[in-house]
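Down below is the structure, laid out as structure tokens.
The values are calculated or read from the model by the stated rules, or taken from the named source; none is laboratory data. Since the model is a prediction, treat every value here as computed from it, not as a measurement. When we count neighbours, we look across all protein chains shown, and the Cβ atoms used for this are built from the backbone with ideal geometry, even at glycine.
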Number of protein chains: 2
Amino acid sequence: MALIVQKYGGTSVGSPERIRAVAARVARAHRRGDQVVVVVSAMGDTTDDLITLAHLVTGAENAAAQHPREMDMLLTSGERISMALVAMAICREGVPARSLTGSQAAIITDTRHTAARILEVRAERVRETVESGEVAIVAGFQGVSRAREITTLGRGGSDTTAVALACALGADRCEIYTDVDGIYSADPRRVPAARRIPEISHAEMLELAAAGAQVMHPRAVDMGVRFGMDIRVLSSFVDDADQDESGRGTLITENPTLMEELALTGIASARGFATLVVRGLPAGMRTPTEVLIGMAEDGVSIDMITEAPHADGRILLQITILEEDIERTQTVIRRVAEKLGAPDPVMEAQGGLARIAMVGSGMQGRPGVYAAAFRTLMEAGVDVEAVSTSSISITVFVDAARENEALQALHTGFGLDAPAAVPATA
Amino acid sequence: MALIVQKYGGTSVGSPERIRAVAARVARAHRRGDQVVVVVSAMGDTTDDLITLAHLVTGAENAAAQHPREMDMLLTSGERISMALVAMAICREGVPARSLTGSQAAIITDTRHTAARILEVRAERVRETVESGEVAIVAGFQGVSRAREITTLGRGGSDTTAVALACALGADRCEIYTDVDGIYSADPRRVPAARRIPEISHAEMLELAAAGAQVMHPRAVDMGVRFGMDIRVLSSFVDDADQDESGRGTLITENPTLMEELALTGIASARGFATLVVRGLPAGMRTPTEVLIGMAEDGVSIDMITEAPHADGRILLQITILEEDIERTQTVIRRVAEKLGAPDPVMEAQGGLARIAMVGSGMQGRPGVYAAAFRTLMEAGVDVEAVSTSSISITVFVDAARENEALQALHTGFGLDAPAAVPATA
């Protein structure tokens, strides 16, 4: 008998039929003798619809910023609907089930409405529920502060609820059900030869998620890392009869057990980036420091900053940012330049960039990966506009119009392509 | 400064525009210096939509009966949505507001899911909210049991929440906002000359509500009676600028202060009734008693039962029931007859009846009201199939096809018609 936490996202509970399919899967696990805790998101577009309603009522561009407490009250109705329906559907399968709000499940958070952090999970009530033989259905994304105010966890909230519960319960498995059957070596819509990755390390998953792979939120992965909880990503649309789920999907784990490791595990990409080249600021640590402080003060995120000597004690600064932040960044730079006694720096912005991250713990201690990446891109005729690296990743910025070709070339070049289908021999 | 409880029904908060209108009204009361507690229902068809979803998921005819706990969890999301939106809209008017769930507002109920009774209202948090200068928005229809399970109050729930809160807070006024501007002397869709009743006694309101007047639920009126809380019924669609609401709508009060009282205050009606005449059961108290016990055992409601001597120590029994209960009633009667040693009684059912209740505390000590009602109906050519009376009401059953004519004749005959509009003389 195992204790399993299963999380189902909005698409997986997006219609009455899908809710029944989820219930059938949960009931199978329960009949195998497992204790099952189910974490659910709001159905399909419910959350977006509620946000639209809030905007219509308030006339505000950003109702969440103006009314964070009430926005949380509003949005938490979404999971309340899906969890009650899932509980009914499971009961219909002849398996007792009981839904619990974030508050009833004692997901205790801080008081930051719309972006609360989990402080603690007092899992007694969930544990009592499963030990009494019932399936516990817990609302994802929501919690309660110590002052008993309703909060929501913000982006990636339901994944985070699931992993937090799994950690607090000491669950044997944490399964994240979504609309794809695992983590892929690249986005299959862009790279048709992309392969499902059977096992991936927490660190690689964090890099891929941060770089744009949308399956798992980095925040939930991060919690998995800190508490040593393995997470399996699975499709809720693949039906595997009476087998358990080990061996399917992608296991995110501290120590993948693969015999053979490729240099790269996966590639992720995202668009909407720009570089800003600034010439004429004084050399020395103070310049990048003041720039970073200025950006932080104005709330502009920097993706990357590099400097190179220019001339006459001046440097060339290259900043990689979101395209939409170009103007705000230029304003910050002018203010910093003034402060540094170097007014009117020369600035040159280039938008329309895609960021491609190659991730693999296999690149550690394997020389030439960096070079291989550049050679592959050069042979594909794709220019690299900016580059950064970490111990397990190489990130390049390229013209977004060439994103697919770059992805394809790198995926093939690093041997990630799935083997061609073997023709049937009769 | 007054403490006011205002309740807004589903139609009153049915769209973003209507929510804004509610917010404007609440903000006006707050700016007058009043402390305002707002009780809201779910928006428009939300509750029905959620029930439909539950039926689609469970495939059950009556999901509430099969999954009462989860149905309550599901339905309570409805008020959560409306109360958060109303709170945002009030904040937008520049007036601080805070929404509270039934649980947060400590509406403590028993454990009967889908039809819970309020045991107690611990109004401290609501009181603290209004005393801190905020408007408190409380979810109607919902509560929490002592075991911290979420419950709903069933039919008339939001009205009941409002009156219960008003009683617990010792509010100065309890205002029920709906889509009509008060209680009418008859349904204006059936009787065009129907008048708004400025004041009505609790007892009359109970009779009218029980007889089918749908504006206020008897349960909420009943609570008003027991705690001596006056209730004002008002339209949320009539906008009265910066005046307070006294003198408008209908005041439901223990002691109406009208100078002149008519014999009747109002007439209400409902359809779907039948009479069953039973001949051949033995005379004596035991017969009606066994019938009433048998009906109660089978869960069939009796509207009325009368007996008359028949022949040979046998009686004629006339039972007034819902049309849909004819067969179940006949089964009960056969069982009772067997028991009384009088098998195979003669039964004659007549369906298609409307029940018309004439209500007025003015009929007490005023002889001839009964006779006047019969004469009026006779002159209108409407036959009375059955009749019953209480100290402040006369109820007749007539052919449903003649319901409107009967209502019209009684309304005119008892002087309830509004005066014809006076032609402009200028």
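Among the criteria (1) modelled with pLDDT of 95 or more; (2) over 24 Å from B:Ile90 (Cβ atoms), the one A:Ala123 does not fulfil is (1). Taken over segment A:336-346, the criterion of being in a helix (DSSP H, G or I) and surrounded by 15 or more Cβ atoms within 10 Å (Cβ to Cβ) is satisfied by A:Val336, A:Ala337.
For A:Ile108, state whether it is in contact with a helix residue (DSSP H, G or I) (Cβ under 8 Å, 6 or more places away or on another chain) and either more than 9 Å from chain B (Cβ to nearest Cβ) or not hydrophobic (A, V, I, L, M, F, W, C) (or both). Criteria not met by A:Ile108. Restricted to segment B:342-380, and to residues there that are at pLDDT 90 or above and small (Gly, Ala, Ser), the residue that is nearest to B:Ala209 (Cα to Cα) is B:Ala357.
For segment A:83-101, residues that are closer than 16 Å to A:Gly10 by Cβ and either away from chain B (no Cβ under 12 Å) or surrounded by fewer than 24 Cβ atoms within 10 Å (Cβ to Cβ) (or both) total 0. Selection of segment A:43-57 for residues being in a helix (DSSP H, G or I) and charged (D, E, K, R) yields A:Asp48, A:Asp49. Scan segment A:318-333 and tell me whether some residue there is at pLDDT below 90 and surrounded by fewer than 16 Cβ atoms within 10 Å (Cβ to Cβ). No, because not a single residue in segment A:318-333 is at pLDDT below 90 and surrounded by fewer than 16 Cβ atoms within 10 Å (Cβ to Cβ). Is it the case that A:Ala123 is more than 9 Å from every other protein chain (Cβ to nearest Cβ) and on the phi > 0 side of the Ramachandran plot? So A:Ala123 fails the test.
Once segment B:200-217 is narrowed to residues that are in contact with a Gly (Cβ under 7 Å, 6 or more places away or on another chain) and not hydrophobic (A, V, I, L, M, F, W, C), the residue that is surrounded by the most Cβ atoms within 10 Å (Cβ to Cβ) is B:Glu204. Go through the residues of segment A:216-229 one by one and say whether even a single one is under 30 Å from A:Gly413 (Cβ atoms), at pLDDT 90 or above and out of contact with any His (no Cβ under 7 Å at 6 or more places or on another chain). The answer is no; no qualifying residue exists.
Among the residues making up segment A:52-84, a single one is hydroxyl-bearing (Ser, Thr, Tyr) and touching a Ser or Thr at 6+ places or on another chain (Cβ under 6 Å): A:Ser77. When every residue of segment A:65-80 is checked against the conditions, at least one turns out to be charged (D, E, K, R), in contact with a helix residue (DSSP H, G or I) (Cβ under 7 Å, 6 or more places away or on another chain) and in contact (Cβ under 8 Å) with a residue 40 or more places away in the chain. Number of residues in segment A:375-402 that are in contact with a Lys or Arg (Cβ under 7 Å, 6 or more places away or on another chain) and either part of a strand (DSSP E or B) or touching a residue at least 40 places away in the same chain (Cβ under 8 Å) (or both): the value is 3. Considering B:Ala115, B:Ala139, the condition of being of a type outside the set (Phe, Trp, Tyr) and more than 10 Å from chain A (Cβ to nearest Cβ) is satisfied by B:Ala115 alone. Could you please find all residues in segment A:19-35 being within 18 Å of A:Val238 (Cβ to Cβ) and either aliphatic (A, V, I, L, M) or free of Cβ contacts under 8 Å to residues at least 60 places away in the same chain (or both)? Across segment A:19-35, the qualifying residues are A:Ile19, A:Ala21, A:Val22, A:Ala23, A:Ala24, A:Val26, A:Ala27, A:Ala29. Regarding segment B:349-369, can at least one residue be identified that is part of a helix (DSSP H, G or I) and exposed (fewer than 12 other Cβ atoms within 10 Å of the Cβ)? No.
Scanning segment B:51-82 for residues that are more than 7 Å from chain A (Cβ to nearest Cβ), farther than 16 Å from A:Val86 by Cα and either surrounded by 24 or more Cβ atoms within 10 Å (Cβ to Cβ) or among the hydroxyl-bearing types (Ser, Thr, Tyr) (or both) turns up B:Gly78, B:Glu79, B:Ser82. The residues of segment B:13-42 that are over 21 Å from A:Arg80 (Cβ atoms), part of a loop (DSSP other than H, G, I, E, B) and within 14 Å of chain A (Cβ to nearest Cβ) amount to a single one, B:Ser15.
Quick check: is even one residue across segment A:46-61 in contact (Cβ under 8 Å) with a residue 40 or more places away in the chain and assigned by TED's automatic domain parsing to the domain that holds A:Ala147? No, because not a single residue in segment A:46-61 is in contact (Cβ under 8 Å) with a residue 40 or more places away in the chain and assigned by TED's automatic domain parsing to the domain that holds A:Ala147.
The condition of being within 22 Å of A:Thr76 (Cβ to Cβ), of a type outside the set (Gly, Ala, Ser) and in the same structural domain as A:Val126 (by TED's automatic domain parsing) holds for only one of A:Val221, A:Val163, A:Val191, that being A:Val163.
For B:Glu327, are the conditions met, namely being outside any helix (DSSP H, G or I) and either free of Cβ contacts under 8 Å to residues at least 12 places away in the same chain or over 13 Å from B:Ala349 (Cβ atoms) (or both)? Answer is no for this residue.
Conditions tested, residue by residue: (1) among the aliphatic types (A, V, I, L, M); (2) over 11 Å from B:Val40 (Cβ atoms).
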residue: B:Arg80; (1), (2): no, no
residue: B:Val95; (1), (2): yes, yes
residue: B:Ser99; (1), (2): no, no
residue: B:Ser103; (1), (2): no, yes
residue: B:Ile108; (1), (2): yes, yes
residue: B:Ala115; (1), (2): yes, yes
residue: B:Arg122; (1), (2): no, yes
residue: B:Arg125; (1), (2): no, yes
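Checking segment A:81-98 against the condition returns a match, with at least one residue being hydroxyl-bearing (Ser, Thr, Tyr), under 19 Å from B:Leu75 (Cβ atoms) and more than 21 Å from the chain's Cα centre (by Cα).
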